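Everything below concerns the one structure shown next.
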Amino acid sequence: MYLAAKAGGNQSASRNLENFYENSGNARKLQSHLKQLGYLDGPIDGNFGPASQAALQSFFADATKVR
């Protein structure tokens, strides 16, 4: 999973992220929040695919900008 690979290289943390998003209920919750915030244009389907990953990365990028 691309997102897990971006988690700083920590194998344990990467696997934990993969486990979290493999659960479609968790993925749906996250997709719902990302959609409400305007980051996700795709469906809320429980599939944490490329569109969801890109939306989460955009959210993190915006959240970590120095103001």
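The values are calculated or read from the model by the stated rules, or taken from the named source; none is laboratory data. The model shown is predicted, which means the values in this text are computed figures rather than measured ones. Don't worry about glycine lacking a Cβ; one is built from the backbone with ideal geometry, like all the others, and counts go over all protein chains shown.
Summary table
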| quantity | calculated |
| --- | --- |
| First in the stretch 32-49 and over 15 Å from D62 (Cα atoms) and assigned to a loop (DSSP other than H, G, I, E, B), second anywhere and at pLDDT below 95 and among the charged types (D, E, K, R), Cβ under 6 Å, 6 or more apart | I44/R28; G46/R28 |
| Any chance L17 is out of contact with any strand residue (DSSP E or B) (no Cβ under 9 Å at 6 or more places or on another chain), surrounded by 14 or more Cβ atoms within 10 Å (Cβ to Cβ) and at pLDDT 90 or above | no |
| Identity of the residue in the stretch 25-64, hydroxyl-bearing (S, T, Y) and either surrounded by 14 or more Cβ atoms within 10 Å (Cβ to Cβ) or under 12 Å from the mean Cα position of the chain (by Cα) (or both), that ends up modelled with the lowest pLDDT | S52 |
